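Okay, structure first, notes after.
The values are calculated or read from the model by the stated rules, or taken from the named source; none is laboratory data. Since the model is a prediction, treat every value here as computed from it, not as a measurement. Positions of Cβ are backbone-derived with ideal geometry, glycine not excepted, and every protein chain shown enters the neighbour counts.
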Amino acid sequence: MKKPLRAEIDFETRAGYIYYAAVQGHVTTTLDVWDHGRVAADLDNTGNVLAIEVLALDAETLEHARLFATERELEFPAHLEDLIAA
């Protein structure tokens, strides 16, 4: 599985962005993964996932993001669950 390069978490909005590759200038499509964009993925011109955006850190949203990542052989950070209680 491909590991993320980094994760950015906005504690004020309780949202996150998980990077799997450099996105600047390479995103050609944003895919609505779940719940009208609550989970979305930025793709390059060949359909590779560059990043996953999560607009809520609740258990259900994170599970949908994790499932999407796993189906594409991407590792999803386990520590995000800890932020639910934070």
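Consider the stretch 13-31 and keep the residues that are among the small types (Gly, Ala, Ser) and over 19 Å from Lys2 (Cα atoms). The one that is surrounded by the most Cβ atoms within 10 Å (Cβ to Cβ) is Ala15. May I ask you to list the residues in the stretch 8-41 that are out of contact with any Phe, Trp or Tyr (no Cβ under 7 Å at 6 or more places or on another chain), in a strand (DSSP E or B), more than 17 Å from Ala59 (Cβ to Cβ) and not acidic (Asp, Glu)? Correct list: Tyr17, Tyr19, Thr29, Thr30, Leu31, Ala40. Might you check whether a residue that is assigned to a strand (DSSP E or B), under 13 Å from the mean Cα position of the chain (by Cα), crowded, with 18+ Cβ neighbours inside 10 Å and β-branched (Val, Ile, Thr) occurs anywhere in the stretch 55-63? No, there is no match, as no residue in the stretch 55-63 is assigned to a strand (DSSP E or B), under 13 Å from the mean Cα position of the chain (by Cα), crowded, with 18+ Cβ neighbours inside 10 Å and β-branched (Val, Ile, Thr).
Residues of the stretch 34-78 that are over 16 Å from Pro4 (Cα atoms) and hydroxyl-bearing (Ser, Thr, Tyr): Thr46, Thr61.
Residues in the stretch 32-54 that are more than 20 Å from Pro77 (Cα to Cα) and surrounded by 14 or more Cβ atoms within 10 Å (Cβ to Cβ): Asp44 alone. Filtered by the rule that a residue be at pLDDT below 95 and under 13 Å from the mean Cα position of the chain (by Cα), the stretch 22-39 gives Val23, Gly37.
In the set (1) closer than 17 Å to Ile9 by Cα; (2) in contact (Cβ under 8 Å) with a residue 60 or more places away in the chain, Asp82 fails one condition alone, (2).
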